[in-house]
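Worksheet for the structure shown next.
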Amino acid sequence: MAETINLAQMAELLSQELFGEFLWQRSGPMNINWPCVAERHKSKTHPSDVVFFYDNPYARSRTYVNCDLKSYGKDSISAGAVNGALTSLARALACVEVSEEWQRTFVHEHVSPEFCGLLFLYNHDGEYDRDFTQLLKGVDYEALETPRRSKIVVLGPEDIFWLDNVRYEIVQMRGKGILPPQEHCQFSYPNLVRKVNVQPDKARAATLEMLTAPWITLEYLKPAATKPKGYVVFFRGRGESTDEFLYLVDHLLHYQVVNPEIEVQVKLLDAHPMAPALFDKALDQYVDECEGGDDLKARLHGIEFSTISQVKTRFSDIEIGMRNG
């Protein structure tokens, strides 16, 4: 039993480190059971391992993420285990929307709440090497009782590995003085054609949509620097073709990120060996295709391209046990 508790705490510790760096905040107590309010569930209670929240950039609302934190060895990650966890999480989410007790415990007054379920599946032995997306295809999503206005997101071992490496790189960059303190950083949400960032001062966190997107964009301010504003784009692709980078470059130019007065860095984790050369090739191709001239070429080649060293966060169940003793 003690070993099981220690393993479960690994996912708990990592989730707090991870989402804290993405500027999520925790609401209410951890590891509680609260009354089920739907007789059809045939359950007395539902669990909330932890509830995080963040403000939404394109709506005056706040998202509350009800988390189911799992810490599994490679042999325990199966379709049955995931399907069971998602079934339980979906039922909890259905009750979250109508439970006065849950909302009184976790939801702040005077905000418009939105609700989301997150299955956080951490592979504690670091040995899971199968395609998790294939496993998810075996889930019967039609049978899940996911509320119409809510959603469930699954972060599997590969997703968590990616996000943990982004987190680690941010911490390292900040330690080297490349990034300013966290209060001068936020994740970037530009005004879109049909959507305006209505909470630019409050909505600083990386939303679940950003964390599961092809790239994560961190914006920062360093008032005393030569270039006081900057962006770091963490690109999840491997960079195996120029097309991957052309789409990214078009995005950066469209939202006026590429500017002589702005510092821009693009970072890849699992980069293809040819990725740096293909990135330069994509920049030249973009200039040629839009007939941008020397000014555009200089601005694009001012983007700094680099790779991230891979790390795996590992916990000692003995150390956790001693901490709890």
I want to check the label-to-label distance for residue 277 and residue 101. Put each point 7 Å from Cα in the C-beta direction and report it in nm to one decimal.
6.4 nm
Could you give the DSSP H helices of the chain that reach 20 angstrom or more along their long axis (alpha carbon positions) and whose average Kyte-Doolittle hydropathy is no lower than 0.5?
79-96
Enumerate the lysines that residue 202 could reach by cross-link, defined here as Cα to Cα under 21 Å, with residues fewer than 8 away along the same chain left out.
222, 229
Amide H neighbours of residue 25 under 5 Å, counting only residues 5+ apart in sequence or on other chains, H built in-plane at 1.01 Å?
53
Students often get this wrong: which residues of the range 184-198 have the backbone nitrogen under 17 Å from the point 7 angstrom along Cα-to-C-beta of residue 61?
195-198
Gain in span if fully extended, residue 13 to residue 298, counting 0.36 nm per residue against the direct Cα distance:
98.2 nm
Inter-label distance for residue 40 and residue 78, nm, one decimal - labels placed 7 Å from Cα along Cα-to-Cβ:
2.9 nm
For the chain, what does the helix formula give at 222 nm: sum of -39500 (n - 2.57) over DSSP H segments with n ≥ 4, over the residue count, nearest 500 deg cm²/dmol?
-11000 deg cm²/dmol
With the 8 Å Cα cutoff and a minimum separation of six or more residues, the chain has a relative contact order in percent of 17 percent
Counting alpha carbon pairs within less than 8 Å and at least 6 residues apart, what relative contact order, in whole percent, applies to the range 238-298?
48 percent
FRET efficiency for residue 109 and residue 145 from the Cβ-Cβ distance with R0 = 30 Å, rounded to 0.05, comes out at 0.60
Please list the non-local residues whose amide H lies under 5 Å from the amide H of residue 191, H modeled 1.01 Å from N, same-chain partners needing a gap of 5 or more.
197
Once normalised by the length of the range 173-325, the mean sequence separation of its alpha carbon contacts under 8 Å that are 6 or more apart gives a contact order in percent of 18 percent
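Each value in this text was obtained by applying a stated rule to the coordinates, not by laboratory testing. All values reported here derive from a predicted model rather than from experimental measurement. As a convention, Cβ positions derive from the backbone with ideal geometry for all residues, glycine included, and neighbour counts pool all protein chains shown.
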